[in-house]
Structure formats: structure tokens, C-alpha cells
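Each remark here refers to the structure printed beneath this line.
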Amino acid sequence: MSLQQQELDDIALLEHALAKVEESEPELPRINTRSFINRDRAKAHEHLVKKYFAVDCIYPPRMFRRRFHMRIELFHWIRIDLEAAQPYFQLRYDCTGRAGFSSIQKITAALQILAYGNPIDRENEALCIAETTTLETVRIFCKTIIELYSDQYLRAPNQRDLSHLLEENKSHGFLGMIGSLDCMH
């Protein structure tokens, strides 16, 4: 047998052995890699601030009230309370030093979902927040609001509240009415 033939036989034998080993090894599960979409969080924050929160903002306070269903002062009070009570709403930085979403962005996303019933993925377009982050934000926002304000604002009306509502509605010509879903908006 020639040297060249011996080398070819050795290669064939190695290929056969390698095929046997590959057949006997269990196939490892396929790992899905996370896709990364580079969102310009800082630019989205600046745009939001320029529209509603800057001293010389684009939209006047009446537009803020119409779009957020509250005065801008109330928004800031809620923001301050949320930042103090829940670290999630504080500005954090990732391992590369890139800033996360601001409390203004997160609260705006949650309010847009809750007040208007916007689809979760809409906030990706408007505020550059991914769907999973938006879902987490709404969940934490609701939980924290309940923890902070349930005793004062999210309670059943007491006797004093009921008599005040009855008097107010009586002055408008609605005797015995506490509230009406028709008049909420």
C-alpha cells in the first residue's frame, strides 16, 4: 500500500469516527439570541420635555391637561412621590454608562396606556420604550400608586364625602345622586 493510499484510508477512518461521535451526541437546544434595537432614549426624553415640560414648551398647560387628564403640577407631585417610593422610577445607568428611561418617560407611558387604552407597542414609537419595558412600567406604576395613595384617594367614600357629593349634586338639580358614569368626561 502506498503512502498516499494509507493517508486517504486514515482520513476516511477519521471521518467515519467523527460521524459516529456526532451521531451519538445529543443535539443541544437552540438558544435564541436577543435582538437589540438601538433606541435613542435621550432624544426621546428631550423631545417629550420640549413638548410638555420645558419652561418654553411647545404645548400650553391646557394641552397638557387635555392629553394627560391632570395638571402638570399634579404630574410632578406624582413623579416625585414615585421616585422616592420606588427605585424603578429613578434614572439608572447600564453597565456601559448609558442612561435608562427617565421617570417622565415611564410615567407618561403608563398614563398613556391607562388613560387612553393605547396598545402597549405604541409607546415604542412615541417614547422609544420597548413593549416588555412598557408592560413592566405599567405594572409597577399601578402597584406603587395603590401603595402610595390607596388610604387617601382610593378608598370608599365616608359619610362626610357622601354628604358633600349629595349637596354638590343637589345644587346642580340632581337630588339623591352620588355620581354618574355619564358625567365622568
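The values are calculated or read from the model by the stated rules, or taken from the named source; none is laboratory data. Bear in mind that the values here come from a model prediction, so they are computed numbers and not experimental data. Cβ coordinates were reconstructed from backbone atoms using ideal geometry, including for glycine residues, and neighbour counts include every protein chain displayed. For the accessible areas, the whole protein counts, side chains as well, though only heavy atoms, and no ligand, DNA or RNA atoms are used. Shrake-Rupley method; radii C 1.70, N 1.55, O 1.52, S 1.80 Å.
Key figures
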item	result
Cβ-Cβ under 6 Å pairs, at least 6 apart or on other chains, region 138-161 side assigned to a helix (DSSP H, G or I), far side surrounded by 10 or more Cβ atoms within 10 Å (Cβ to Cβ) and of a type outside the set (Ser, Thr, Tyr)	VAL138/ALA110; VAL138/ILE113; PHE141/ALA110; THR144/LEU82; THR144/ALA85; THR144/GLN86; LEU148/ASP81; LEU148/ALA85
Total residues in region 114-134, condition open to solvent by 80 Å² or more (accessible area, probe 1.4 Å), more than 22 Å from LEU154 (Cβ to Cβ) and assigned to a helix (DSSP H, G or I)	4
Pair list, Cβ under 7 Å, 6 or more apart: region 49-61 residue basic (Lys, Arg), other residue not in a helix (DSSP H, G or I)	LYS50/CYS57; LYS50/ILE58; LYS51/CYS57; LYS51/ILE58; LYS51/TYR59
So ALA126, is it closer than 30 Å to PHE174 by Cα and either in contact with a Gly (Cβ under 9 Å, 6 or more places away or on another chain) or aliphatic (A, V, I, L, M) (or both)	no
Filtered residue count, region 81-121, keeping only those that are of a type in the set (Asp, Glu) and farther than 19 Å from GLU147 by Cα	2
Residues located in region 62-77, provided they are part of a helix (DSSP H, G or I) and either farther than 20 Å from ALA44 by Cα or touching a residue at least 24 places away in the same chain (Cβ under 8 Å) (or both)	ARG62, ARG65, ARG66, PHE68, GLU73, LEU74, PHE75, TRP77
Positions within region 162-178 being in a loop (DSSP other than H, G, I, E, B) and loosely packed, with under 11 Cβ neighbours inside 10 Å, in sequence order	HIS172, GLY173, LEU175, GLY176
Out of ILE145, ILE140, ILE120, sole residue that is of a type in the set (Val, Ile, Thr) and more than 29 Å from SER35 (Cβ to Cβ)	ILE145
Tally of residues being surrounded by 12 or more Cβ atoms within 10 Å (Cβ to Cβ), part of a helix (DSSP H, G or I) and without any contact (Cβ under 8 Å) to a residue 24 or more places away in the chain across region 78-113	3
